[in-house]
Amino acid sequence: MLKRLEIVGFKSFARKTVLDFSSATTAIVGPNGSGKSNVAEAFRFALGEQSMKSMRGKRAEDLIWGGSHSVPRASRAAVVIVFDNLSARGSRPFKIDFDEVAIERAVFRDGTSEYSINGSRVRLRDVVELLAGANIGETGHHIISQGEADRILLASPRDRRAMLEDALGLQIYEFKKHEAAKKLEKTEENIAQVNALRRELTPHVRFLESQVKKLERADALRTELIDLARTYFAIEDVYITQEQLKIVEEKRATEERLVVVSTELEQIADPKSADRGTVQRTEALRKAEHEVYELSGMRTALSREIGRIEGALAEVQRRASVVVSEPYAKVPREELEALHTEVETQIKILAGGSIEALRAALTAIHTAIKIFFTRHSMPHDEYLSDEEDAAHKLEREHITLIEKYTAVSVRLEKAETARARSREDMIALEETSREIRRRILDVAQAKAHEEGERTKAEAREFELTLLVEALERDKQEVVVLGGTEAMAYVALPAAPHEERKMQEDRHRTLERLKIRLEEAGGTGEDIRREHKEVSEREAFLTTELNDLAKSAAGLGALIRDLDTELAKHFSEGLEKVNTSFGEYFALMFGGGSARLALEELETDEEEAEDCEKLNNVPQEEQRPGIEIAVNLPKKKVRSLMQLSGGERALTSIALIFAMSQVNPPPFLILDETDAALDEANSHRYGDMIKNLAKKSQLIVITHNRETMSRTNILYGVTMGGDGVSKLLSVKFDEAIVVAK
């Protein structure tokens, strides 16, 4: 159901104008030139009309408000038609999931148009398909403008058929046929391209097949090469691995031995170490000899001094022993001799004893002298004579010298011992030097031997590296010639017990086979690969061609099915239209009859059949147009050209209403189609409008009072001095209530 029409900037509607269509019949009235027919043209515009002539214009700019002295011109014109997308039975006339459908079209001064459905930008094609699904076709049978009432009568038979198909809602089949025909045309183009590609590939495929046959003759050589290569590679791999492990172990042992002898050689052959030992021992000997010399001199000097002191002490003792005078005490001779004997004894001990003995002897001498003088001393010190004082001094000096002598003797003894040891070390060093020289020679020979072994191991290692490189080259060459199958050999746990010469013979045989296979063309992988790719390409094209042929056949079948459906529905619709057309015609003319008939065509069926077989696609059927036959009451009129203007108008109205009755469109716009009717026909026209409004929503643009009386809502269009169309509305139901 049509809900409203919104117009902005379209022709004389400069300002936004909204028409609500809440009634089954709406009348739009107004004086000539007020712009009421612009409403019908606004419908045409929004529904996608492309003919400027149908909208009384020459260019897109003519559709946009051009401005006046008080209202500036608009930059665009836009019209929105809003439909209710819920029918009484709950179905959706428009095949989109919206309860309300708003179709908008805007045109700009540069001539571009924009289309939208519910605010989303779409193509004109999308609008046309949506409208076709709701029985609003592009032929405009649902919009009959002033002067176009007899358009269907004046149209050619083929155009008249298109109008009828549109009115019957068969346009959707035409859309499907058109899409299928486009796909079929594209499919035929693809078939032609695929056939061209196949024709290009065929000579190349034949050439590659001959090359592949030549390559097959080399397969025997290749098989022999692969078998021999597997054996050779398996043995060579394990041989090289074992030799590498062996040489690694030999190098490791050699390096260890070389480190040992090198370290030993560095230690025993270090000239600095040997010289340092000799110098140290020579210095030690010289130092010991110098110390013995100095200590010997010191002990000799001390010995002479001790003798002098002892002589002086003896002289003092002698003088003291002969002094017999008062008040001195008398000393028996025996005690003096005993003291002298004790001192002599201790002096002998002092001459050759140890430090402890020397100290004990000195202590004994001191004690003996002290006891002697204590026993024979005078009661008072003042009676001591000068000799006694001198004796005491000499004794103390004697003791000191004895201690020094003893210390020097001990040091001398140690120095002599050190000198003897140094002389022994020098002798031993000379003997060691001779041994070291012999050892250096032996170790140097051992080092040279190990270095030679290392050089041999490195040479062998380099030889194995060359073997590895040669083996890798052989593998690569064999893979190129024989493929990766040659590498599918089982690794051996150990090399076979055979002479190396047997493996060398295998290698020579392998080289000969490679040369022969290269001369035979190698593996020819490139040719085989290309042959495979080209063959697969040809097979793909064949499959694609079959698929395209099936697709073409399917599209052809679809077109034939659509033609069958279209013919069936057209035939049924034509019969219904004829029934209704006859009734309306009799009603309008008070009798008579009218009907639509298919025109007769002359076709060469044989030629069409041959053409269809040649292309394997159905040919576009030349469908017969529609002829109109009328029979006026009380007149001998058979041709439309014999009808008067009024009679043509009545006939066209009867036909339009008949088509609308058979497949009612959602709305029908009649723009002054009743202008030429007299009072009696106007009454009949009003009756038909009332009857037609039961099936389609009617918008009538009229001056006829009879027609106005059959509507529920009346819109009046006026135009002021500014040239802008304005709208006034009256609802008759409300007006009647007010009038009462």
Once amide H atoms are built 1.01 Å from N in the peptide plane, which residues 5 or more positions from residue 671, or in another chain, come under 5 Å H to H?
144, 145, 146, 701
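Please report, ordered by residue number, every helix of the chain (full DSSP H runs) that is 20 Å or longer along its axis going by C-alpha atoms and whose mean Kyte-Doolittle hydropathy reaches 0.5. Write down the numbers at each step before the final one.
On the way: long enough: 171-216 (64 Å, -0.97); 219-268 (71 Å, -0.18); 271-322 (76 Å, -0.70); 333-352 (30 Å, -0.31); 355-376 (32 Å, 0.70); 386-482 (135 Å, -0.74); 500-519 (29 Å, -1.87); 525-589 (90 Å, -0.38); 645-662 (26 Å, 0.91).
Passing helices, by number: 355-376, 645-662.
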Would you work out which of 667, 730, 704 lies farthest towards the positive end of the dipole of the chain? Charges go on Cβ: Lys and Arg +1, Asp and Glu -1.
704
What residues have an amide H closer than 5 Å to that of residue 715, excluding those fewer than 5 places away on the same chain, when H is modeled at 1.01 Å from N in the peptide plane?
27, 28, 29, 730
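Helix-derived [θ] at 222 nm for the chain: sum -39500 (n - 2.57) over DSSP H runs of at least 4, divide by residue count, nearest 500?
Working: 17 runs with 463 residues, N = 740.
So the helix-based figure for the chain works out to -22500 deg cm²/dmol.
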Under the definition of Cα pairs under 8 Å and six or more residues apart, what whole-number percent is the relative contact order of the chain?
24
Computed about the Cα centre, the charge dipole of the chain from +1 Lys/Arg and -1 Asp/Glu charges at the Cβ has a magnitude in debye, to the nearest 20, of 3940
Work from the charge dipole of the chain (Cβ charges, +1 for Lys and Arg, -1 for Asp and Glu, about the Cα centre) and give the residue of 553, 226, 48 farthest towards its positive end.
48
Less than 15 Å Cβ to Cβ from residue 418, Lys/Arg counted +1 and Asp/Glu -1: what total charge do the surrounding residues give?
0
Calculated from backbone phi, Karplus (6.51, -1.76, 1.60) coupling profile of region 486-497 in Hz, x at Gly/Pro
5, 8, 8, 10, 8, 5, 8, x, 7, 5, x, 7
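State which stretch of the chain is the longest one without any exposed GluC sites (Glu not before Pro), exposure meaning a DSSP loop state and at most 12 other Cβ atoms within 10 Å. Don't jump to the answer; show the numbers that get you there.
Values: sites that count: 498, 499, 600, 602, 620.
No qualifying site falls inside 1-497, the longest such stretch.
How high is the relative contact order of region 1-76? Use alpha-carbon pairs under 8 Å, at least six apart in sequence, and give a whole percent. Please report the intermediate quantities before stating the final value.
Values: 75 pairs, mean separation 23.9, N = 76.
Relative contact order of region 1-76: 32 percent.
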Taking amide hydrogens as modeled 1.01 Å from N in the peptide plane, which residues meet the under 5 Å criterion relative to residue 64, leaving out close sequence neighbours?
11
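Each value in this text was obtained by applying a stated rule to the coordinates, not by laboratory testing. Just so we're clear, the structure is a prediction, and the values are computed from it rather than from any experiment. All Cβ positions, glycine included, derive from the backbone under ideal geometry; neighbour counts span all protein chains shown.
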